[in-house]
Amino acid sequence: MPHDADFASLPRLPVSVEEIAGHPRYLQARKLYSESFLALFDRNPFLIRLLTDTSRYLLFTVSVILDANHDIERRETWFTVGRLKERMAVFGMTSPRHVDHLIERMCAVGFVETAHPPGDRRVTLLRLTDRMLAHDREWLATDYVILDALRPENGYGRVRNRDPFLHAAIRRQSLALLPEGARLLSAQTDFLLFFSRPGGLMVLEALFEAALSSADGWQSPFAFGDVADRFGLSRSHVRSVVQAAEAAGFIKLHGRGGRLVEILPPLWRSDAVGHGVGARLRDIAFLRASVELAPAE
């Protein structure tokens, strides 16, 4: 993680992991995030299948960042297939064929287009469509829910209000943070159980939504069929993810048929720290984007 000495040029220090994870209103902010995140995908199985396993999520995020940094006048910034593969390899996605397949899928659903620079058909450029950028604006606004809820005085409202100039600047500034993001993602081993399964993030968020909406936060109703219908998954797949989480010691099922779920302390802790880490990186990108935009404003 970057150290405070790296931020001398910024108007303030970024928030710390502990400042978020240990905040007295963290659970209220976490509930807002869960509601906002699930609303993006509620009754939309297309987006769930397209974006919520590890490789597809990473391809989406890295593509948006590279697209924001693309400058046709500077060849080293071109958003090409090769450059995308290089960045995906930082996250351990080293199969060129798999990345090609993911790009083809994004093109097929109208998220990505290909082109060639003037006078050079040997190079394939990628370009994100308005449809993909519109979804990214919604996703980025959701990413800043916790920061905005806990530290509204820092001005995250512009991100939540989907300011297109600020969003683009945040994505540009996120390029330098990709290696750190890859390192931190690999360290979040608890979440890989969910992240590596199609729709696993939906199941994880549905578990937290149930727990955070219950009266005591202990045993919460959790209907496998309702979650399956809501997110276009099979009931057996939802049950498989939940049972794997129980076997890993993250949750405990209670009642006949496992109709009540209890999130155990290790998952509560991992979740808070994970969101704290993510909030710090997002705040760094936000601060650097604010400095980038300051002369124009």
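Values in this text are rule-based calculations from the coordinates and carry no lab data. What you are looking at is a predicted structure, and each value in this text was computed from that prediction instead of being measured. For neighbour counting, all protein chains shown are included, and Cβ atoms are generated from backbone atoms with ideal geometry for every residue, glycine included.
Annotations for the structure displayed:
- Ile72 vs. criteria among the hydrophobic types (A, V, I, L, M, F, W, C), out of contact with any Asp or Glu (no Cβ under 7 Å at 6 or more places or on another chain) and part of a helix (DSSP H, G or I): no
- Of the residues in the stretch 131-142, none is assigned to a loop (DSSP other than H, G, I, E, B), closer than 20 Å to Val277 by Cα and out of contact with any strand residue (DSSP E or B) (no Cβ under 9 Å at 6 or more places or on another chain).
- Checking Glu113 against (1) touching a residue at least 24 places away in the same chain (Cβ under 8 Å); (2) among the acidic types (Asp, Glu); (3) in a strand (DSSP E or B), the condition it does not meet: (1)
- Pick from the stretch 258-282, criterion of a type outside the set (Lys, Arg), in contact (Cβ under 8 Å) with a residue 24 or more places away in the chain and not in a helix (DSSP H, G or I), ranking: farthest from Phe195 (Cα to Cα): Leu260
- Against the numbered list (1) without any contact (Cβ under 8 Å) to a residue 60 or more places away in the chain; (2) in a helix (DSSP H, G or I), Asp120 comes up short only at (2).
- When the stretch 1-26 is filtered for residues that are surrounded by 15 or more Cβ atoms within 10 Å (Cβ to Cβ) and part of a helix (DSSP H, G or I), the ones remaining, listed by number, are Phe7, Val17, Glu19, Ile20, Ala21, Tyr26.
- Residue match in the stretch 283-296 (condition: of a type in the set (Lys, Arg) and either out of contact with any helix residue (DSSP H, G or I) (no Cβ under 8 Å at 6 or more places or on another chain) or outside any loop (DSSP other than H, G, I, E, B) (or both)): yes
- Exactly one residue out of Glu209, Glu246 is surrounded by fewer than 22 Cβ atoms within 10 Å (Cβ to Cβ) and touching a helix residue (DSSP H, G or I) at 6+ places or on another chain (Cβ under 6 Å), and it is Glu209.
- Identity of the residue in the stretch 124-156, β-branched (Val, Ile, Thr) and touching a residue at least 24 places away in the same chain (Cβ under 8 Å), that ends up surrounded by the most Cβ atoms within 10 Å (Cβ to Cβ): Ile146
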